[in-house]
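S.K.: Attaching a single structure in structure tokens format; questions to follow.
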Amino acid sequence: MLQDDNLAKGGGSSMRVVIIGGDAAGMSAASQIKRLRPEYDVIVFERGEYISYAACGIPYFIGGAVSSMDELLEVSLDEAREKRKVDVRIGHTVVAIDPSSRTITVENRGIRLTEPYDRLVIATGARPQTRGIDISRFPNLFTMNDLYDAARIKNFIAEKKPQSIAVIGGGYIGLEAVESFCEQGVRTTLIHRREDLHRAFEKEISDIIKQKLSEKGVILSLGQPFSGLEQRGDKIGIIRDIGVLETDAVLLAIGVEPNSDLAGAAGIQLGANRAIRVNEFMETDTEGIYAAGDCATARMTTFGIEVHAPLALKANKQGVIAGMNIAGERESFAGVLGTAITKIFDLGVARTGLSYSQAADMELDPEKVIVKSRDRARYYPGASFMNSLVIFSRKDRRLLGAQLAGRLESVKRIDVYATAIFNKMTIDQVFDLDLAYAPPFSPVYDPVLLAARVARKKR
């Protein structure tokens, strides 16, 4: 994956950098290059009309917490072009990459053009998994991936005023969407193929989430995978072994997959989940070509596993690092831990590191403990319980993973665990941490310390 010497040194003043994709990774790369090398020509080809938007905010726009879709726009076209001096071309779809001639083929309004590059960044993101279902065939079938999806769902709810919506998929997008629909007063059913929710959550945390969903009136239909969809007048029928469920609309939230077809067709090596394989410098195996964001692989920090981790921070960081290296630096990406946090009504859920099954597959001899404790001093107003699940190795006591469920503010403690795992700390060293204490913030033994204290007894 080493780039040629001229590229690695940053090249000359006439360097032409082409970036495919204008969202988080693409615009981060473009901005970084222009900041470090203002003399470089940086061209971003974006197939849609929006750039650099907060896709993670879409559920909250649909639910009403965010009042306008414009609030989700991070960088305007004018700012990108005038202030950052990036040549952004919207409505341009890249249809082919030719590494041998260092060109790409771009289509705009039916016209195809060939554009040369000295360096290329592929930042094409990810797309919703659909299991081959043609979304366009169903006027009331949706995904939740971009601003077009957001506008379509919001308009449907406003115009059609559905009484019922089914969400298929028990991962982050599905769970956030369930809350959004409930906030709009729509009877919501969550359908998932397993009794437990997404594999990122341990069963104990999954059970807490399911309890919260039930409390909020969400209808749970678990352990019953669907085999297809059919239009039934104004409704959609969800075909399952136990029968057909009719509903006014369906959100398909069964996961995402990298937009790597363009790279694969150009002979660029793919890795985990068919994401574009990159090294720590965001270089692919093809000279002069980089990849970043949801279309690219990453390594799990300290564990070395190659993964596809479509998370916002990773996309932005990889874009920045790709830009720095194109500009002549030699910066490496430290990797990911799959650290994530989400809101499910008034329940906060967070996780980082390995799951128990991942740790077992790696033969790390894992042990897990779950501790229920207060997140503030017992007597302080607003104190509530939170659950801390900690996974560590019986071999060397090393912390491997953690998951939290509790009051929204309380689960941000996951960052302490992420820091500990990043630094390869043992459960005993976590217990030794000198964490802050005051009654409005935590008990004397913070839940992090209390969980470590319990885990230490597992000898």
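Here, each number is a calculation from the coordinates, and none is a lab measurement. Note that this is a predicted model, so its numbers are computed, not measured. All Cβ positions, glycine included, derive from the backbone under ideal geometry; neighbour counts span all protein chains shown.
S.K.: For Ala158 and Glu329, calculate 0.36 nm times their separation in residues minus their Cα-Cα distance, and state this gained length in nm to one decimal.
M.R.: Gain on stretching Ala158 to Glu329: 56.6 nm.
S.K.: For segment 1-141, treating each Cα as an identical point scatterer without solvent, what Debye log10 I(q)/I(0) comes out at q = 0.15, 0.16, 0.18, 0.19 1/Å?
M.R.: Computed log10 I(q)/I(0) values: -0.86, -0.95, -1.12, -1.20.
S.K.: Listing Arg137, Arg299 from the residue with the fewest other Cβ atoms within 10 Å to the one with the most, what is the order?
M.R.: Arg137, Arg299
S.K.: Which residue, Val44, His92, Tyr60, has the largest displacement toward the positive end of the dipole of the chain when charges sit on each Cβ (Lys, Arg +1; Asp, Glu -1)?
M.R.: Farthest along the dipole direction, towards plus: Tyr60.
S.K.: Nearest-5 percent of antiparallel DSSP beta bridges in segment 169-302?
M.R.: Values: 13 of 18 bridges.
Around 70 percent of the beta bridges assigned by DSSP in segment 169-302 are antiparallel ones.
S.K.: Would you work out if segment 415-459 is rounded, prolate or oblate? Take a ≥ b ≥ c from the square roots of the eigenvalues of the alpha-carbon gyration tensor; rounded if a/c is under 1.5, else prolate when a/b is larger than b/c, oblate otherwise.
M.R.: Oblate is the answer for segment 415-459, as a/c is 1.5 or above yet b/c matches or exceeds a/b.
S.K.: Please give the length that would be gained between Ala312 and Asp70 if that part of the chain were fully extended, namely 0.36 nm times their separation in residues minus their C-alpha to C-alpha distance (nm, one decimal).
M.R.: Full-extension gain reported as 85.2 nm.
S.K.: Considering every Cα-Cα pair within segment 348-456, what fraction, in whole percent, is farther apart than 18 Å?
M.R.: Of all Cα-Cα pairs in segment 348-456, 44 percent lie more than 18 Å apart.
S.K.: Okay, moving on. Projected onto the charge dipole of the chain (+1 at Lys/Arg Cβ, -1 at Asp/Glu Cβ, origin at the Cα centre), which of Leu389, Val349, Gly288 gives the Cα projection farthest towards the positive end?
M.R.: Going by the charge dipole, the pick is Leu389.
S.K.: Which of Ala166, Ala177, Ile239 sits farthest toward the positive end of the charge dipole of segment 127-275, with +1 on the Cβ of Lys and Arg and -1 on the Cβ of Asp and Glu?
M.R.: So the residue we want is Ile239.
S.K.: If you restrict to DSSP beta bridges whose two residues both lie in the chain, what percentage is antiparallel, to the nearest 5?
M.R.: 65 percent
S.K.: Also, I was wondering about something else. Amide H to amide H under 5 Å from Ala377: which residues, 5+ apart in sequence or cross-chain, H placed 1.01 Å off N in plane?
M.R.: Phe441, Ser442
S.K.: Please give the FRET efficiency for Ile111 paired with Lys343, using the beta carbon to beta carbon distance and R0 = 45 Å, rounded to the nearest 0.05. It would help to have the intermediate numbers written out before the result.
M.R.: Values: r = 45 Å, r/R0 = 1.00.
About 0.50, to the nearest 0.05.
S.K.: Compute the Kirkwood hydrodynamic radius of segment 130-254, taking the inverse of the mean of 1/r over all pairs of distinct Cα atoms, and give it in Å to one decimal.
M.R.: 14.6 Å
S.K.: Now, a different point. Work out how much length Ser227 to Val95 would gain on full extension: take 0.36 nm times their residue separation and subtract the Cα-Cα distance, in nm to one decimal.
M.R.: Values: separation 132, 0.36 × 132 = 47.52 nm, distance 3.23 nm.
Taking Ser227 through Val95 to full extension adds about 44.3 nm, to one decimal.
S.K.: Say each of Asp207 and Arg193 gets a label point 7 Å from the Cα, pointing the same way as Cα to Cβ; how far apart are those two points in nm?
M.R.: Calculated label separation equals 2.5 nm.
S.K.: Take the alpha carbon atoms of segment 131-167, find their center, do the same for segment 415-431, and report the distance between the two centers in whole angstrom.
M.R.: Rounded to whole Å, the Cα centres lie 42 Å apart.
S.K.: If you take the beta carbon distance between Glu363 and Asn423 as r and set R0 to 25 Å, what does 1/(1 + (r/R0)^6) give as a FRET efficiency, to the nearest 0.05? Could the numbers behind the result be given before it?
M.R.: On the way: r = 22 Å, r/R0 = 0.89.
After rounding, the FRET efficiency stands at 0.65.
S.K.: If each residue's Cβ is checked for other Cβ atoms within 10 Å, how do Ser31, Ser76 rank with the fewest at the top?
M.R.: Working: Ser31 23, Ser76 14.
Ordered from fewest to most neighbouring Cβ atoms within 10 Å, Ser31, Ser76 come out as Ser76, Ser31.
S.K.: Moving to a separate point now. Once the convex hull of the alpha carbons of segment 36-92 is built, what does its volume come to per residue, in cubic angstrom?
M.R.: Cα-based convex hull of segment 36-92, divided per residue, equals 91 Å³.
S.K.: Sticking with this structure for a sec: So if I take the centroid of the Cα atoms in segment 330-406 and the same for segment 35-61, what is the distance between those two points in Å?
M.R.: 32 Å
S.K.: Round to the nearest 0.05 the FRET efficiency obtained for Lys372 and Ile305 when R0 = 25 Å and r is the Cβ-Cβ distance.
M.R.: Efficiency, rounded to the nearest 0.05: 0.25.
S.K.: Check which residues have an amide H placed less than 5 Å from Gly348's amide H, if you skip close sequence neighbours.
M.R.: Close amide H contacts, sequence-distant or interchain: Gly406, Arg407, Leu408.
S.K.: Charges at C-beta only: +1 for Lys and Arg, -1 for Asp and Glu. How large is the resulting dipole of the chain about its Cα centre, in Debye rounded to 20?
M.R.: Computed charge dipole of the chain: roughly 1280 debye.
S.K.: Name the residues of segment 385-422 whose amide N is less than 18 Å from a point 7 angstrom out from the Cα of Phe441 along the C-beta direction?
M.R.: Correct set: 407-420.
S.K.: Something else about it: When Ser136, Ser52, Ser384 are ordered from fewest to most other Cβ atoms inside 10 Å of their Cβ, what list results?
M.R.: Starting with the residue having the fewest Cβ neighbours, the order is Ser136, Ser384, Ser52.
S.K.: Just from its helices, what would the mean residue ellipticity at 222 nm be for the chain, if runs of 4 or more DSSP H residues each count -39500 (n - 2.57) and the sum is divided by every residue, rounded to the nearest 500 deg cm²/dmol?
M.R.: Taken over the chain, the calculation gives -7000 deg cm²/dmol.
S.K.: Same structure again: Where q = 0.07, 0.12, 0.13, 0.14 Å⁻¹, what log10 of I(q)/I(0) comes from the Debye formula for the chain, counting one point per Cα?
M.R.: With no solvent term, the Cα-only Debye profile gives -0.40, -1.12, -1.25, -1.35.
S.K.: Another question, then. Across segment 280-288, in residue order, what do the Karplus-derived ³J(HN,Hα) couplings come to in whole Hz, using 6.51 cos²θ - 1.76 cosθ + 1.60 with θ = phi - 60° and x for Gly and Pro?
M.R.: Result, ordered by residue: 5, 9, 6, 8, 7, 7, 10, 4, x Hz.
S.K.: Using modelled amide H (1.01 Å from N, peptide plane; none on Pro or chain starts), what sits under 5 Å from the amide H of Ala296, excluding residues fewer than 5 places away?
M.R.: Ile276
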